[in-house]
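First comes the structure, then the notes that go with it.
Coordinate-derived values only; no laboratory data. Everything quoted here is computed from the prediction, not taken from an experiment. We place every Cβ from the backbone using ideal geometry, glycine too, and count neighbours over all the protein chains shown.
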Amino acid sequence: MSIEKKIKELYEKNSISKDIITKITGKAHVLKKKGYDTIKIMNFCGTHEWTITHYGIRSLMPDNIELIAGPGCPVCITPGHYVDLLIDLSMEGYTILSYGDSYKLPGTRLRGIRSLFDARIHGGDTRIVYSFLDAILIARRNPSRKHVFFAVGFETTMPSTAVPLYNKVVPENLLILSAYRLTPPIMKYLLEEKPEAVIHGVIAPGHVSAVIGSNSWKFLPEKYNIPTVVAGFEPIDVLLAIYYILDMMDKNEPKLINEYTRVVKPEGNVFAKKVMSKVYEVRDAYWRGIGVVPKSGGYHSRDYLKHDLYYNLGIEDKPIKDILPGCKCPEVTLGISKPTDCPLFMKTCTPSNPYGPCMVSSEGTCRIWAENLPLKIKT
Amino acid sequence: MSIEKKIKELYEKNSISKDIITKITGKAHVLKKKGYDTIKIMNFCGTHEWTITHYGIRSLMPDNIELIAGPGCPVCITPGHYVDLLIDLSMEGYTILSYGDSYKLPGTRLRGIRSLFDARIHGGDTRIVYSFLDAILIARRNPSRKHVFFAVGFETTMPSTAVPLYNKVVPENLLILSAYRLTPPIMKYLLEEKPEAVIHGVIAPGHVSAVIGSNSWKFLPEKYNIPTVVAGFEPIDVLLAIYYILDMMDKNEPKLINEYTRVVKPEGNVFAKKVMSKVYEVRDAYWRGIGVVPKSGGYHSRDYLKHDLYYNLGIEDKPIKDILPGCKCPEVTLGISKPTDCPLFMKTCTPSNPYGPCMVSSEGTCRIWAENLPLKIKT
Amino acid sequence: MCLGVPAEVLETRKEGELVILKVKMGGVVKEVISGIPDLKPGEYVIVHAGVAISRIDEKELKEILNVWEELGSLY
Amino acid sequence: MCLGVPAEVLETRKEGELVILKVKMGGVVKEVISGIPDLKPGEYVIVHAGVAISRIDEKELKEILNVWEELGSLY
Amino acid sequence: MVIGRYITTVHGSGGFETLEIIEKLIVHRVPENLRKVLDGVGLDVLDDGSSMRIGNTHIVISTDNFTVKPLFFPGGDIGHLAVSGVLNDLVMMGARPIAFMDGIIVEEGFPRDDLDRILESMIKLLKENNVALIGGDFKVMPKKSLDGLIISGTGIGLAEKPIIDKIKPGDKIIVTGPIAEHGATILAAQLGMLEQAQGLRSDTRPLVKTVLPILEKYRDHIHAARDPTRGGLSIVLNEWVRGTKYTIVINRSTIPIRDEVRQFLDALGIDPLGVAGEGLAILSVDNEVADEIVEELHRRGEPYATIIGEVIVPEEEYLAGRVIAITEVGGKVVVQPNALNLPRIC
Amino acid sequence: MVIGRYITTVHGSGGFETLEIIEKLIVHRVPENLRKVLDGVGLDVLDDGSSMRIGNTHIVISTDNFTVKPLFFPGGDIGHLAVSGVLNDLVMMGARPIAFMDGIIVEEGFPRDDLDRILESMIKLLKENNVALIGGDFKVMPKKSLDGLIISGTGIGLAEKPIIDKIKPGDKIIVTGPIAEHGATILAAQLGMLEQAQGLRSDTRPLVKTVLPILEKYRDHIHAARDPTRGGLSIVLNEWVRGTKYTIVINRSTIPIRDEVRQFLDALGIDPLGVAGEGLAILSVDNEVADEIVEELHRRGEPYATIIGEVIVPEEEYLAGRVIAITEVGGKVVVQPNALNLPRIC
Ligand code: SF4
Ligand code: SF4
Ligand SMILES: [Mg+2]
Ligand SMILES: [Mg+2]
Ligand SMILES: [Mg+2]
Ligand SMILES: [Mg+2]
Ligand SMILES: [Mg+2]
Ligand SMILES: [Mg+2]
Ligand SMILES: [Mg+2]
Ligand SMILES: [Mg+2]
Ligand SMILES: [Mg+2]
Ligand SMILES: [Mg+2]
């Protein structure tokens, strides 16, 4: 059987999920008897959240299982002042290149041009690119114009700029605003600083782990006794992760399980890690709506400063108040509130006209809930 | 009676032209008896030619009067290599500003981009302006871009650049390609060098004379015995000029008559002449299709070279072969041939797709003939 | 050559030494460069390519109208 | 976060030290940056944001399919 | 004409070049039997609109695109123009407009207020003329891929018998109002010469109330009717006479044109006969009723309606198919169908 | 929705935002009695087309603008798309297309050869479907004021009785072919991902020969028909169900979609249900004939036709007016009418 066929089979195997759901229901029942009236399983990756809602997995869960979303959307936690700066630069004639995800992300201002999308409407040259490679090609074709790439993402995304920078193929007229943030530090921060967030199990991010290695999550079971599963992104992967978590809870043996071995190694992608550590250095960093989290940001190291936007402009990366009035993104992002707790949800804040950052990215919890109400219905 | 009403009356008085035509017919008859089987009256101003054809004046003339057009269209005689140069500059990012007249003027090339109009189609920024003042405003609004104004014209048009240059209001990013040519020299050249052009009378250019003064034409009757009338541009002005010429022929008293006293003074516009002589100096110059004519071109004098296109580019204004194969413009322009003598006329050369320069400007003889076939018909 | 049209001077203003006229030509009002010294609102000029190149002389205008009148009727 | 999709490596080329892969993802072929050393045509990778961040391990892939199979039928 | 490798503004001028491109690239490709349907007219005649017959009713349809810049101008706006233009095409076919469909395409970032004004003026005019808006389309194009807004309009009208343009010798040519008003205004606006309204004003308006009743009343005497939009009067007359054995002779000094318009166009060296109007019609009518029609037009609210010429059978063969003008001084000239005029200084 | 001070691409996405702008800025302004004519439908229903009745004949008209970029794409071009789109709107109304009118607007400098190809493909398709080209318009816009070329198209069809979309409880929802083919192809082309044809190909084509005969045959059993163009399947179903007391329930894993299309859209994080197709129809039909219709569709040349869901009366009130999908793993989700999808990496 060829690998291609196997990949297709992965997709088709989703149909056997029903059997796994039955198993989950059984385990949940057992745990309920053991006193677990609410089991909170936090996923930590927007794509997991997407899988859960897109496939209606919440509608299939037994009553005592609550699937909650953690701070897994890099767009949602990207500081608003970055967007303000890029808007202003676009109006001064810079070309701004962004992933689709961050294109509609609002900055901190409540009036006028609020996002890169708005900026385009007002004549700014802001564009969506699929990858940093496309950004390189665009900048090369327009050597007389300055370009800025908006590098939003977690560890998964860091190689996209790190590898080309390391290999010195980035043209001079292409600057980078690094908004990279790191995931283990935020997880630690959440557990240490927000005791109100009760978490029984964690579905750890599959593609982050592909880069940093599944071992990076060992601290969760070892230090905090939280059963943790590194999982893939098919619904069946997620269901399996839930089952494994329940099983560990049942056995009271919190461990780290790697369900996504087809992609994730314990040590991760060694080459990428090496390159990233050359190009980026770790510093304390501001997360939108959350605050400054220790050792959680990736900043260009000295040898790569010539491509750093802030360095080039000669200004400082200084956060300003970017929690929009009335928006509950901070709580939603940390899994403390649900979008439906926000009074603006689906009123002044909608996917086509987002007010808060969590409504922007298709990984933002609010956006996901807006597009796929979790239903428990009979039809 | 207000001056406005009088101007309107000028226009309306055209209705009494029939009486003047009867007088012309009478005089022509008398001259025929004196042996004048063909009386050639040359006009020297494209606008006179336009009046003649637009009002169908040829259709009203007696058989022995032939109204011929002289080299009165500045577009037709503008060297083709100027156009080539401007096309190339537009492709390099210069903005080229031109009067509507010269916008479709073909350069010397037979393929590819042939005119400023073509250049626009291929992405060059070439535009029509109504005046040099508009060019100044456009250049001011776009300080980071270089602009070139295509200064085509006779003495009438020279003040348009001379006055602003003299008054130092031209921005640095606005260069001028001076294609100015002078009219008395070409008239002398025609009489001296082209004996095949038989001319019984001249209708001298009204607006050229408003600038240089009617006295400039004294040499025609005094040196060459040609009855000459400086005339206005209403059909009745032209008819009156024809009548005066016939009358002078009849009396055998060639003189200079100024029919256009309402606008033209013997000494012309003294202020404009002073400014022109500061800004421009007279040199031998090339006329398209005709050749180099002594002391017939206006070139920027030393103090104004910083706005001169050729000076700025550091290249030489050097004519190249610009008579298009098969085109009879040289003969047409000098009044030696008629457009209908050209085998391309209205075949491969039409107003909407001009091949030769005389088909471009609405003053070009070929264009005028194409649009207004001179008819002698009964209806 | 040299299309010239009569226009009425409405306003004059200076930009440095350059005199700019606001003139009325048919249904439009347009700014043109003055090529004649000392123009005043109310005067009529001939405008060519955005420059006032000559005053219209009211006396001579009346004169030519008379000439035409005579020529038209005398016959 | 971090949408990643499986893709087949069709070709590899170098630009200086940078390795660029031509990969097939669904109905399209696209150039992406290699984030893994020594990839060869025919291998499968996970592509995220235009970068191949991980090989797909054929043995493990077979393994998980078996796990699923079992879980799906055992009950 | 050789079309050339690139399309130019000449091809879109509405002159013979436009007709040629339509004939060469489109009509030519369509088999004869697919150039019209249901007993109507279509690409076989290229009149103001097309038609089809259902029972005794002729349904007349016309579609047009509107790309005018600026979008707002003295006397109207692009919405006003779109409705007027489409309804007038129906009226010129002798049809009573009953329905309209619009296609609005705007550039991303277009001000909502401007869109509002344009739609308001469109719909207001439809209401005034009792025409239903039965459908349409709304699209947004990415920033910089369209300059502002354009409108496509489709009109549907009913006629007992449509007017298919076919001039007859002896016909009188009537112009219902002053020419060149719209084109002159737009040109002035484009050249930045409209800083003060000084008598230039587009004449854009539907002729449903003033001209249509007369076309209905004198239906059998009206041999051709057209609105002189792109290309102006000279194109209309040339299209009518082209390929016939007749000559159209017009008396140029009788053509209604306002002083402000004439003087402005003179200043740019542009012939008013080639300049668009959007609130008038050119008619070719039976000699016997010509004066009566003019009087009726005056009564109905077209005070400038005038007979400007006639259709004759020329003595000289080479005049057949041409338009001849008797000039203001009694001269004779051929009126050529040149539609694209650039302003000139010479 | 607040429309805001500027029009954005969201307003032109074909989703509810487009409907809203049409309702707020247009429909709202038109008096009730001018929203339709002659016993037909118009702005009162906002279906695929509009109609009017002359005697026993219903005339169906539809107008649309086409602005697709690139102009040429695997599986078609803008001309091909314009004809298919307009004819399909007529077909969706149950009408047999008889005539077409085109409005071509090109940018100055547009290559004549490209224009030629587009017109050729337009006219070829009209001929194949025996539709007459009875008129149109041709305009040229100045360089840089339009990106390339756009087409407006108006189609006229005849129906004994038009299909006015009105779903009924118990109806089965049929999709006649694989979804998202056109939109995926265009998106790939715009993102520069089409360097090699790898199975993405627009499905643009008229449904005159395959689907129309079935709509005619089962006319009384077909309660709604629509082509899922802008906004895709999710918009069609949401529009149908919005404001009713019913729920549409679809079984997501039964929706026909080709692997190449699904995988490509997965890679961009875009939901295929919101992506346009241009060669398929969505039907809501009587339960009793649903299987028969699917079989007929297979026979006529639509081998992928499938029943994907049904119209129910929900027990829970809050589900009324919504579309619910049963997912591939048996979960249940609301299908939202979001039409504008940006590619994402997260
Ligand atoms: S619904 Fe909008 S405003 Fe409320 S928390 Fe979510 S993103 Fe913020
Ligand atoms: S008709 Fe054309 S080619 Fe012939 S002389 Fe005139 S401009 Fe030249
Ligand atoms: Mg018309
Ligand atoms: Mg039409
Ligand atoms: Mg029209
Ligand atoms: Mg539409
Ligand atoms: Mg007509
Ligand atoms: Mg439709
Ligand atoms: Mg439609
Ligand atoms: Mg459609
Ligand atoms: Mg038209
Ligand atoms: Mg329908």
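Relative contact order of chain A, please, whole-number percent, based on alpha carbon pairs below 8 angstrom and at least 6 residues apart.
Over chain A, the number comes to 22 percent.
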## Note on the structure
Over all viewing directions the Cα convex hull of segment F:56-159 casts an average projected area in nm² of 6.5
## Note on the structure
Check: C-alpha center segment A:242-303 vs C-alpha center segment B:2-72, spacing in Å is 95
### Summary
The lysines whose Cα lies under 28 Å from the Cα of F:K161, excluding any fewer than 8 residues away in the same chain, are E:K36, E:K161, F:K36, F:K127, F:K172, F:K209, F:K217, F:K245
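Strictly over 18 Å apart at the Cα level, which of A:K146/F:K143; B:K5/C:K59; B:K251/B:K338; A:K6/D:K59 would you flag in this model?
A:K146/F:K143; B:K251/B:K338
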### Query
What angle, in degrees between 0 and 90 and rounded to the nearest 10, separates the Cα long axis of helix B:235-251 from the longest principal axis of the Cα atoms of chain B?
50
### Message
With the crude spin-label approximation of a point 7 Å out along Cα→Cβ, what separation in nm comes out for F:N56 versus B:E267?
### Response
9.5
### Task
Could you give the size of the charge dipole of segment A:28-103 about its Cα centre, using +1 on the Cβ of each K and R and -1 on the Cβ of each D and E, expressed in debye and rounded to the nearest 20?
700
### Query
Name the chain A residue with the Cβ nearest the axis that maps A onto B: which is it, and what is the distance in angstrom?
A:S144, 6
### Query
Percent antiparallel among DSSP beta bridges with both residues in the protein assembly as shown, to the nearest 5?
60
#### Entry: Rounded D (µm²/s) - chain B, Kirkwood Rh over Cα pairs, Stokes-Einstein at 25 °C, 0.890 mPa s
114
### Message
For chain D, what does the relative contact order come out to in percent, with C-alpha contacts under 8 Å and a separation of six or more?
### Response
27
### Task
Just flag the GluC sites (Glu not before Pro) in segment F:257-334 sitting in loop per DSSP whose Cβ has no more than 16 other Cβ atoms within 10 Å.
F:E315, F:E316
### Task
Could you point to the residue in B:C366, F:L280, E:G40 farthest towards the positive end of the protein assembly as shown's charge dipole, with +1 and -1 charges on the Cβ of Lys/Arg and Asp/Glu respectively?
B:C366
### Task
Pull up the DSSP beta bridges for chain A and report the antiparallel fraction as a percent, rounded to 5.
25
### Message
At 7 angstrom along the Cα-to-beta-carbon line, where would the label on A:N353 sit relative to the other copies? Give the distances in nm, shortest first.
### Response
5.3
### Query
Say the dipole of segment F:220-265 comes from +1 at the beta carbon of Lys and Arg and -1 at that of Asp and Glu; which of F:L237, F:A225, F:V261 then lies farthest toward its positive end?
F:L237
### Task
With N denoting the number of residues in the protein assembly as shown, provide Rg(C-alpha) divided by 2.2 N^0.38 Å, to two decimal places.
1.06
### At 0.890 mPa s and 25 °C, Stokes diffusion of segment F:108-211 via Kirkwood alpha-carbon radius, µm² per second
137
### Query
Roughly how tilted is helix B:17-33, in degrees to the nearest 10 and between 0 and 90, from the longest Cα axis of chain B?
70
### Query
Dividing the convex hull volume of the alpha carbon atoms of segment F:38-98 by its residue count, what do you get in Å³ per residue?
88
### Task
Calculate the length of the line joining the C-alpha centroid of segment F:51-97 to that of segment E:279-318, in whole Å.
41
### Task
Provide, as a two-decimal number, the C-alpha radius of gyration of chain E over 2.2 N^0.38 Å, N being how many residues it has.
0.97
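Scan chain F and report its longest stretch carrying no trypsin sites (Lys or Arg not before Pro) that are both in a DSSP loop and have at most 16 other Cβ atoms within 10 Å.
On the way: sites that count: F:R5, F:K144, F:K166, F:K209, F:R242, F:K245.
Longest stretch, sites excluded: F:6-143.
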### Query
Stokes-Einstein at 4 °C, 1.567 mPa s, Kirkwood radius from Cα pairs: D for segment F:172-334 in µm² s⁻¹?
80
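Considering the convex hull of the alpha carbon atoms of segment B:37-147, report its projected area averaged over all viewing directions, in nm², one decimal.
9.0
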### Task
Report the dimensions of segment A:121-160 along its three principal axes from the alpha-carbon atoms, largest first, rounded to Å.
32, 24, 14
### Per-pair calculated FRET efficiency, R0 = 30 Å: E:R299 and E:K245 via Cβ, rounded to 0.05
0.25
### Task
Of all alpha-carbon pairs in chain C, indicate the percentage at a distance above 21 angstrom.
35
### Query
Relative contact order (percent) for chain E, with alpha-carbon contacts under 8 angstrom and 6 or more residues of separation?
21
### Query
Hey, got the dipole for the protein assembly as shown? About the Cα centre, +1 on K and R Cβ, -1 on D and E Cβ, debye to the nearest 20?
2440
### Gyration tensor (Cα) of segment B:326-371, equivalent ellipsoid semi-axes in angstrom
14, 11, 8
## Note on the structure
Final fewest-first order of E:D44, B:D37 on the 10 Å Cβ neighbour count is B:D37, E:D44
### Task
Note down the magnitude of the dipole of chain A about its Cα centre, charges +1 on Lys and Arg C-beta and -1 on Asp and Glu C-beta and zero elsewhere, to the nearest 20 debye.
280
### Task
Could you work out the mean count of beta carbons from other protein chains within 10 Å of each residue's beta carbon in B:211-220?
1
### Query
Going by alpha carbons, how many degrees (0 to 90, nearest 10) lie between the helix axis of C:58-74 and the longest principal axis of chain C?
20
#### Entry: Whole-number Å³ per residue for the convex hull built on Cα positions in segment A:213-267
62
